[in-house]
Amino acid sequence: MPDVIPIKSLTDNPTFDVVLDTIERNKQIIVFVGSKSSAEKTAEEIAQYIKKNKIAIPHDCKLLSEQILHALSKPTKQCEREAKCVENGIAFHHAGLLQKQKTAIEHAFRQGTIKCICCTPTLAMGINMPAYRTVIRDLKRFTKWGQDYISVLEYHQMAGRAGRPGKDTRGEAITLAKTEAEKETIYEEFITADVEEIYSKLAVEPVLRTYVLSLIATEHVRTKKQIIDFFSKTFWAFQYKDMQKLEAIINKMLGLLEEFAFIESNKGEFTTALDYANESYIATAVGKRVAELYLDPLTAHALIEGMKCAKTFSTFSLLQLMCSQLELRPLLNVRKSEYEDIEQQLILHTEELLTDAPTAYDSDYDEFLKSIKTTLFFETWIQEATEEELLLKFDVRPGELYAKKERLDWLIYAAAELAKLLQSRTVEKELQKLRIRVEQGVKEELFTLLKFEGIGRVRARKLYDNKIKDTGDIKKADMITLTSILGPSLAVSLKKQVGIDVEKISVKENKRKGQISLMDY
DNA sequence: GGACGGTGAAACTTCAGGTTGCCTC
DNA sequence: GAAGTTTCACCGTCC
């Protein structure tokens, strides 16, 4: 057992004490907490303490702080909060941050500029970012069954970040116990405990559905016997040794895939067991595409059925169809205070729905309301709401928006591919448009402008509102206006893109001469 | 007396994250 | 179940 370095108690908060002690030794520390808001709050409080007590931070973090603040064209509250922490050499890190911000913070930590990161378990996974010390503050987390201890495996992941090979000769992983009894529990349950066994997830229906279909679609297997043989060699079979159970699930899956018309079997006049085992399957054209898209067949079926009944549909209908799929979970929570409002929206949009709405007495009603709220969230995004508006209205952080957007994008793409196969041209076209809108967060009217290099949602909107709506308008636009909207370099670039060579101009000079009046930005 | 700010209790919310799946520029 | 956030009542201060 290595010697233990005593830590001075300066505050009434043990986490603070450990962080302050580490900073005093000019070392770095990662504090693991259980939620995003905890990470933010802890970082903020430490930063405030450092500022108030004028604790010297060896590096100047002003530049990094500015960079974090201006990661978006308009900073959100989260950006402001992070920028303030970073100014004092402290940062928070979780999936709600923008990728740009996460990378900047990780880089600054490796460089030694940032001294302390308060984070959710994100940093324990994948990223190579060790520190002299780690503090694992929260060992319990909310699960389906209430508060529960995290796994030993996860504890090791976090504790293992302590110690930088080649730089330090030691590393310290600290866990905080509130009582003596808890100290013992932590020692037994985490420090000396063995890690949990790993279990195969193959027999989970969505996974099995997908694999059975892809095996058939790629013609890797043809007969039922071959399918069963294949699965009998998997880790699942090795672990559970219960092929009968697996066979029953496979049979159920085959039935389902046939019912969805993703596969066809040569069911003939089979009488013997051998005939039964040799029953062969081939994937239909739709089934093959579903497998290629790596969609869960159940989702594919739901999308197809939804699109089939799409005689009249709106953006809302299509978005809601996507939001009802498993792939988009977890959906946004409906708060007590907004319950009625969301129900009202549901009534307003009932005619547009492509899925069957449950009644208020059904058990899945709440989940359905969540899908409505998530649909409204995406609708707000494609109506060009800012990241800050989405954070305020839906409590969705920028990083979460991008993760959700990406999954929706993939689902829309998959749906469009299925629509193509089903020859539903109108739906396909609508989905393709929707995909661009979701990707960019814009109304359709900006499509033309988005094709130009250097023009995204913000600049396209500025141009459009200044009546510059297409190539012709860009050609006609005078350089002063264009420069005032986009800045000199981009104005020149845009003119070039429509085939006009112009010189850079300075708007300020002209403004002073009083030659023009521009819209105020 | 009214506006305003600070404080603390009570009520209300929310609770990690990632992976792959596709195509195109 | 616990921590964080919001809301609201209450109180003191200032103009």
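Bear in mind these aren't lab numbers, they're just calculated from the coordinates by the rules spelled out. Remember, it's a predicted structure, so these values are computed and weren't measured experimentally. No Cβ is skipped: glycine too gets one built from the backbone with ideal geometry, and neighbour counts run over all protein chains shown.
Some points to look at:
- Ratio of the Cα radius of gyration of region A:326-385 to 2.2 N^0.38 Å, where N counts its residues: 1.10
- Placing unit charges on the Cβ atoms of the charged side chains and taking the dipole of chain A about its Cα centre, the candidate lying farthest along the positive direction among A:SER265, A:ALA181, A:ILE372 is A:ILE372.
- Taking other residues whose beta carbon is less than 11 angstrom from the beta carbon of A:LYS27, and scoring Lys, Arg as +1 and Asp, Glu as -1, yields +2.
- Assuming charge only on the beta carbon of Lys and Arg (+1) and of Asp and Glu (-1), the dipole of region A:193-328 about its Cα centre is about 320 debye to the nearest 20.
- Looking at region A:155-252, the pairs of alpha carbons with a distance over 19 Å make up 61% of the total.
- Chain A - percent relative contact order, Cα under 8 Å, separation 6 or more: 10
- Cα-based convex hull volume of region A:67-106 per residue, rounded to whole Å³: 59
- Ordering of A:85-97, A:22-34 by burial proxy (mean other Cβ atoms within 10 Å per residue, highest first): A:85-97, A:22-34
- Rounded FRET efficiency, nearest 0.05, which uses the C-beta distance separating A:LYS504 from A:GLU406 and R0 of 41 Å: 0.65
- Exposure proxy shown here: for A:TRP145, A:TRP410, A:TRP236, the number of other Cβ atoms within 10 Å sets the order, fewest to most, as A:TRP145, A:TRP410, A:TRP236.
- Potential lengthening between A:PHE235 and A:GLU196 on full extension [0.36 nm per residue; Cα-Cα distance subtracted]: 12.4 nm
- Over 29 Å [Cα-Cα, chain A], rounded percent: 66
- Net charge dipole, chain A: roughly 2320 debye, given to the nearest 20, about the Cα centre with Cβ charges of +1 for Lys and Arg and -1 for Asp and Glu.
- Calculated mean residue ellipticity at 222 nm for chain A: -16000 deg cm²/dmol, from DSSP H runs with n ≥ 4 weighted as -39500 (n - 2.57), summed, divided by the residue count and rounded to 500.
- Within region A:75-192, all pairs of alpha-carbon atoms sorted by distance into 10 Å bins from zero give the percentages 12, 39, 33, 15, 1.
- Eligible lysines near A:LYS467 by straight Cα distance, threshold 26 Å, same-chain separation 8 or greater: A:LYS74, A:LYS433, A:LYS443, A:LYS451, A:LYS475, A:LYS476, A:LYS495, A:LYS496, A:LYS504, A:LYS508, A:LYS511, A:LYS513
- Evaluated at q = 0.16, 0.17, 0.20, 0.24 Å⁻¹: base-10 log I(q)/I(0), Debye formula over Cα of region A:379-460: -0.67, -0.74, -0.94, -1.14
- Loop-resident sites, region A:418-485, for GluC sites (Glu not before Pro), counting at most 14 other Cβ within 10 Å (DSSP): A:GLU453
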